[in-house]
Every structure is written in structure tokens, then in C-alpha cells.
Amino acid sequence: MAEMELTGAEIVIRCLHAEGVEYVFGYPGGAVLNIYDEIYKQEGFKHILARHEQAAVHAADAYARATGRVGVALVTSGPGATNAVTGIATAYMDSIPMVVITGQVPTPAIGQDAFQEVDTVGITRPCVKHNFLVKDVKELALTIKKAFYIAATGRPGPVVVDIPKDVTQHTCAFEYPDSVSMRSYNPTYKGHAGQIKRAVQMLLEAKRPVIYVGGGAVLGNASAQLIDFARELGYPVTSTLMGLGAYPAPDPLFLGMLGMHGTYEANMAMQHCDVLLAVGARFDDRVIGNPKHFAREARRIIHIDVDPSSISKRVKVDVPIVGDVAQVLDEFGRLIKGGAERPEEAALKAWWAQIELWRAQDCLKYDRGAAAIKPQYVVEKLYEVTGGEAFVTSDVGQHQMWAAQYYQFNKPRRWINSGGLGTMGVGLPYAMGVQFAHPEAMVACITGEGSIQMNIQELSTCKENRLPIKIILLNNGYLGMVRQWQEFFYEERYAESYVASLPDFVKLAQAYGHEGLTIEKPEDVEPALRRAFGEWKDKLVFLNFITDPRENVYPMIPAGKGLSEMILV
Amino acid sequence: MRHIISVLMENEAGALSRVAGLFSARGYNIESLTVAPTEDATLSRMTIVTYGSNDVVEQITKQLNKLVDVVKVQDLTDGSHIERELMLVKVRATGELREEMKRLADIFRGRIIDVTDKAYTIELTGTGSKLDAFLEALDPAAILETVRTGASGIGRGERMLKI
Ligand SMILES: Cc1ncc(C[n+]2csc(CCOP(=O)(O)OP(=O)(O)O)c2C)c(N)n1
């Protein structure tokens, strides 16, 4: 029997079905109308209409962060694609697997400055793992297969597939390949056996060890192996912003987050350790500050990463291990458990005694008796009220740091935020993506009054889809993080960091059909949270907490300084 | 240090711009870049001449390897290798210059490939420094126009960049 010919638009749909896609987050327009017509006719996945392409891409990104599966977004050519760019770059910086399908003007019109034409492949090139322009319908299915494969394997990342409108009309026989192999793309998963042996030996001989965990441990699903390995040796663990949850925060081995707003104990331990094991982390500037100051201390570094280019990029390492973090940690565990050697007890005890002294500084203390609501208190109460079981998204600013410091994440993929690009406006669309992925879960979006207004239109998408997200607005009336830098480094010249004429957020939430509440007194914080997660469990609730406008995030290491130059409360 | 990096990559539209974009986005230097398809038309081979410390060049090779279209990367300067560059020089060739230009071209094993009553075009291949030396030997006033390809490089003997 002759194979049936399908249009490019039908092929796109069939490919998404074959990939088992559950949700496509998108926004229609001329160049993708053929695809939307086919979406109308199918039931294999649900299309979620965002109210802005940026939000559609963020939602797809969050779906991927919360599930580990590839997120999918669909936008039109020209402005659809340019609106998507911030979402794509955000996912790229945090290595999130995502396929973004963009419409393009018909092939004969490309290069003619046609209506709604932009060079999408050119614009997105520096912020994607890879991208494709499909010029022939016969290449469409294989290209989409490759896009999913590239997005999900190795160091994950977003892949853009740009499809001209005429290609969605042309027809050809459809066959979706089961697998794909590319001679130019072969990620390494299995770590080098000799290097693994060296690393284990070095770890066993350590006197002042630290395990430094990054987002790669979350992306690589290495949480179980990490916990097992750290507990076997009793070594202290610290995490980057992106690694939070990979190791349970309430555990005594956990020193908290490190870096610019990390804990005193985590940063001091980093600075004074003799053997450092980096797991899926990349020594970035917000984490180790100035690499010159960091490198000054004599310490040996073992670095496990799936991406060879992350190794020895900012800091020279002694034992590089390229591979899948979970597989390599498994191997570590096997070697350690299989051997008789254990770390020297006295040295480890002395190291822990030192760490406990640092910990006793209680660097995250804050004024609990204040008349104004302290933002830290709101996050602590949120942790209590949700029993630590919520998925928490955040935007970018002070509230993001307080969320990271005071919500004790005990499972991976529960803390969803933009670490690399630091994109204000992700919080609400991230909460949408997470809630779609986990309809029954508690989802809280911790945000600031600056950030929430960068994608506030999504309150409408939330209404349409009845998403019971809880928005926790820490409303300090300022672009708080900017204000903090101006207070510390610009002699309190608060240039454009005060946000005048804020809307009445309660009325705004109500206008979109949601519940809202303003909370002005510390004693009302917990009841409001209980109401939001209790009586209003099934609704989107916008909690507008009026918080102390002068509160700062501590500790803080000023940009470009070394880890030991910390400003404490 | 000067490094010559050979890149074997899929002969796909846009592959060159990925490499060029990588160098500009990460602030790496490119002294020259040449590219053409290989005997296998699905592959292109690129020779990039760059300057940088060993750490930077290590990053360059890693970042090139990370590009999805790149099949293999080799730093030719890590071992013995040969490099050649092609230059075309148009020189003034009037009066007694005519004889002198021919003599100079002979000395450098260049070939005169175009002749008019006022000018010669000389073709010269060699290492970059040989081409430089030729230009220095010429009276600057006699040089009308030059064009150079940038270096192409290959490993010696058994050293190969193939799939
Ligand atoms: C899209 C974008 N623009 C600008 C910035 C720079 N920026 C970082 S934090 C911040 C202030 C955020 O204010 P708000 O959302 O109110 O949060 P707060 O710091 O007050 O908690 C700004 C402007 C950014 N990160 N993202």
C-alpha cells in the first residue's frame, strides 16, 4: 500500500504525539496557522494559550524543570519569535531541555524583508543548544526527532525548529524514526575509570572535604546517589542556587547555599577545604566570586560534569571527570563501599567542629520582633504551612534570595527559578508550567512587585485553566535588589528603584477572577497563608504582603570579591 | 601563543556562522579562517588561526567540540604539521620594474598568472611569514592590490583528522 502523504503541519502534530508530548505552550499567528488548524483537529496533547510568547516559553521551560521531560512551545514568526527569545535564553543559561517551534515566512519570501520576517535562526543562535531552519518538508520529521534528542541528551538545552509556512503546506510520506544517531554529536556519559579511582582516593584522604552541588545534579537526576555518597562518608554538602533540593536542606550535613548570598558556613567551608568535589556545578561568578581570590587557597578540586567545556573554564581543576553525574556518583559509591578505607576520623571531626563554629554565627538571623512584616518570616511560614512539600517558583531579586535561604527544599525539581539569566517575569509563568505538570501539587510563586508586573497578564491564562497557584508577593515598594546595591555601593542614591503608582493588587487579582488579600501585620501572615492553602485551596490566591521596605539580603559578598569578604547582618 | 585549529564539520547551512558567532560571543581572536568542503561533500573542513593562552585555546577547542555540527577538532600546533597560505599580489610592472618583478617572483617561487602592459598578478603560496617576506621585499609603491586566503593546515604523516 502506498504510504499516505501528510502535510508539514500534520507531520508536526504526529511528531509531537510520537514524542509523547502532554502540553504545548503557545500563541498563534499567520506563519503557524496551518499548524494551529491541525492542533484544532487533534486530541493527543493539550495546547495552552498563554497571553504573551515569553510566558509560553517560560511555562514550557518550567514544565521541563519540574518533570525532567522536554518542554514544548510554539510561536509565530517575527514578533512571536522575538518575544520568545527571553524565554529561550533563560532556558539556555540553566540548561533546560526544550523544543521551541517557530513559524517562518514562506521559503520564497525569506530574505525579502517580508511581513513578520526575522532571522530567527540568526537571532537565537547564541542562546540555543542548536537550531534548525527546515526548508524541505521531507526533512521535517527527522529534524524534529533530532531536536528532541539534542534537547534532552548530554548537557540539556533549548532547540529551536524554524518552519516556513509553505513547508507546513507541502506534503510527503511520514515516517518518524525510532532513534537517531549523529556522527557530530555524541555526549559522554560514562566517566573515565582511572579518573574515578583517583578521585575516590583523593576524597578518602581528605581532611577538610566539601561537596559542592550545582544544577547539574538536579538535571542529571543524581539526588539519590548524592545523598547516599555524602552520608556514607559524612562529608558536608553545599549547593548553588540551582542545585537546591538535590540534597535535602534540613539534613545536618547540609551547610546551606553558597555564593554571593550563601551562608557563612558554606562559604567559609568552600574557602578552607582541602578537597572540593564539584558535582554538576560550574564555579560561576555569583558562586565563587573572583576566581583569583578563590584559587589562592591550596586545595584540590574534583569536578564531575557532563559538559567538558564547563571543566577548568573559570577555575583549574585537578581531577576532571566528564560524564553523567548520577552514573559517576554511583561508581564512587561502589568503590567506597567495596573498599575498606574510610576517611581519617579525627581530621573529619575537627573539620566538623570548625564548621559548627561557623554555623553558630547564625548568619540567617533576622529581627523577629519587628513591627513590620519581615520577608524572611513570610517564607519561613510558607515552609511551615506547606510542610515543605510545595513547588516554589520565584522571580528575580531579594525575594528570590529569601526564598532560596528560608524555604528548606528537601527534594529536587521543587525549586524553580532563573539562576543563570536572572530573568524578572518568570515567576508566574513558571508556576503555570509547574502546576500543569503536577495538577495536585501545592505551587507557590514568591515574587516582588517589580517582577510580577513583567508577566502579570498570565493571571488570565491561570483563570482559563483554573490553576490554583498561590502568589506570595513580598511587596517592599522597591526594586529591592537594586535598592540594596544602591544602599551599599552608591551611597544611597536610589535612582529609579522606587516603584510609584503600584496597582491595587487585590483588585487586580479580582479583576482577573481570582482571590486577593493584603497582609500588613506579622500576626496576619500565617492565617493568610493557611486560608490560601485551606479555604482557597482550589483557587488562585494573590497574597500581597506589605513587607519592611528597608530589609536587605544577608550575608552578601560584593561582586568581584573573594568568598571570605562577606558582609554579615 | 599562535594556534592553528582544524575543524571537521557537517557541511550544513549556517555551520560557518556558528563558528564565527562562537568566536565573537566569547571574545576569542580569529586571525584567519578558511573553509571548504572536503572530498566527502557532506563534510567541511575549516582551519582557524587564533591567538591565546593555553587555557583559552583549551576552551576554544572544547567550545568548538560542543557545537552540534562539529564532528572533530584538532589543534594542529599540538604536533608536527604543515601550513600553507595562498596570496595574489597585483604589482606595478612598467619600465624596469617589469624585469625586477619577474626576478623577485622567481626568487620566491611565485608565478605570474596575469599580465597586462601596466601590471602583473603574482601567485604565491607558503607559510604566512614567507608571504610577509615577499611583500617586504617589494617596493610598497609598486603594490597595487593584495589578497590572501589565510592559512590551511594539515598534520604530518600519520597524524590525520578524519572520521
Ligand atoms: C528582565 C530584568 N530586568 C532587570 C533586571 C535587574 N534586576 C534584578 S533584581 C531587580 C529588582 C527586582 O525587584 P522586585 O521584583 O520588586 O523584587 P525585590 O528585589 O524587591 O524582591 C532588577 C530590576 C532583571 N533581573 N531582569
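Return the calculated 222 nm mean residue ellipticity for chain A, to the nearest 500 deg cm²/dmol, obtained by summing -39500 (n - 2.57) across DSSP H runs with n ≥ 4 and dividing by the residue count.
Numbers: 22 runs with 212 residues, N = 569.
So the helix-based figure for chain A works out to -11000 deg cm²/dmol.
Annotation: peptides A:403-415, A:188-200, A:58-70, ranked by per-residue average of other Cβ atoms within 10 Å with the highest first, follow the order A:58-70, A:403-415, A:188-200.
From the convex hull of the Cα coordinates of segment A:375-546, what is the mean projected area in square nanometres? If you wrap the Cα atoms of segment A:375-546 in a convex hull and average its projections, you get 9.6 nm².
Counting only other chain Cβ atoms within 10 Å of each residue's Cβ, the peptide B:1-12 averages 1. Neighbouring Cβ atoms from other chains, within 10 Å of the Cβ of residues in A:128-135, number 2 on average.
Segment A:447-499: which trypsin sites (Lys or Arg not before Pro) are DSSP loop and have at most 12 other beta-carbon atoms within 10 angstrom?
When the trypsin sites (Lys or Arg not before Pro) of segment A:447-499 are filtered for loop state and at most 12 Cβ neighbours within 10 Å, A:ARG466, A:ARG493 remain.
Could you please rank B:SER6, B:SER53, A:SER223, A:SER394, placing first whichever residue has the fewest other Cβ atoms within 10 Å of its Cβ?
Values: B:SER6 19, B:SER53 9, A:SER223 22, A:SER394 30.
Neighbour counts put them in this order, fewest first: B:SER53, B:SER6, A:SER223, A:SER394.
Based on alpha carbons, the Rg and Dmax found for segment A:5-173 are 14.1, 41 Å.
Using every Cα-Cα pair within segment B:118-163, state what percent have a distance larger than 17 Å. For segment B:118-163, the fraction of Cα-Cα distances above 17 Å is 48 percent. Volume per residue of the convex hull around the Cα atoms, evaluated for the protein assembly as shown, comes out as 212 Å³.
Dimensions of segment A:90-152 from C-alpha coordinates, computed as largest minus smallest value along each principal axis and given longest first, are 35, 27, 13 Å.
Based on alpha-carbon atoms only, what is the radius of gyration of chain B relative to the globular estimate 2.2 N^0.38 Å?
Details: Rg = 18.5 Å, N = 163, 2.2 N^0.38 = 15.2 Å.
This ratio for chain B stands at 1.21.
Across segment A:1-85, the mean sequence separation of Cα contacts (distance under 8 Å, 6 or more residues apart), normalised by length, yields a relative contact order of 34 percent. In segment A:523-569, Rg over Rh equals 1.27, where Rg is the alpha-carbon radius of gyration and Rh the Kirkwood radius from pairwise Cα distances.
FRET efficiency for the A:LYS316 to B:ARG156 pair, using the beta carbon distance and R₀ = 41 Å, is estimated at 0.85. Calculated FRET efficiency, A:LEU502 to A:GLU440, Cβ-Cβ distance, R0 = 51 Å: about 0.95 to the nearest 0.05.
Using only atoms on other chains, find how many Cβ atoms lie within 10 Å of each Cβ of peptide A:306-313 and report the average.
On the way: counts 0, 2, 6, 9, 2, 2, 4, 5.
Counting Cβ atoms of other protein chains within 10 Å of each residue's Cβ and averaging gives 4.
Separation of segment A:284-329 from segment A:30-57 is 41 Å, based on Cα centroids. For segment A:95-228, taking Cα atoms only, Rg and Dmax work out to 20.9, 67 Å respectively.
Treating the Cα atoms of segment A:193-359 as identical point scatterers in vacuum, please give the log10 of the normalised Debye intensity I(q)/I(0) at q = 0.15 Å⁻¹, two decimals. Evaluating at q = 0.15 Å⁻¹ gives log10 I(q)/I(0) of -0.73. Spin-label model, B:GLU39 to B:ASP139: label points 7 Å out along the Cα-to-beta-carbon direction sit 4.7 nm apart.
Counting DSSP beta bridges in the protein assembly as shown, what percent are antiparallel, to the nearest 5? Don't jump to the answer; show the numbers that get you there.
Values: 47 of 110 bridges.
Bridges in the protein assembly as shown that DSSP calls antiparallel: roughly 45 percent.
Here A:ARG51, A:ARG296 are placed in order of increasing Cβ neighbour count within 10 Å, fewest first, which gives A:ARG296, A:ARG51.
Over segment A:173-303, what is the relative contact order in whole percent, taking alpha-carbon pairs under 8 Å and six or more residues apart? It would help to have the intermediate numbers written out before the result.
Working: 177 pairs, mean separation 33.8, N = 131.
Dividing the mean separation by the residue count of segment A:173-303 yields 26 percent.
Taking Cα pairs under 8 Å and at least six residues apart, what relative contact order does chain B come out at, in percent? Provide the component values of the computation, followed by the final result.
On the way: 295 pairs, mean separation 45.4, N = 163.
It comes to 28 percent, rounded to a whole number.
Across segment A:478-557, the convex hull enclosing all Cα atoms gives 121 Å³ per residue.
Bear in mind that the values in this text are calculations on the coordinates, not laboratory data. All values derive from a computational prediction rather than experimental measurement. Every residue, glycine among them, receives a Cβ derived from its backbone with ideal geometry; neighbour counts consider all protein chains shown.
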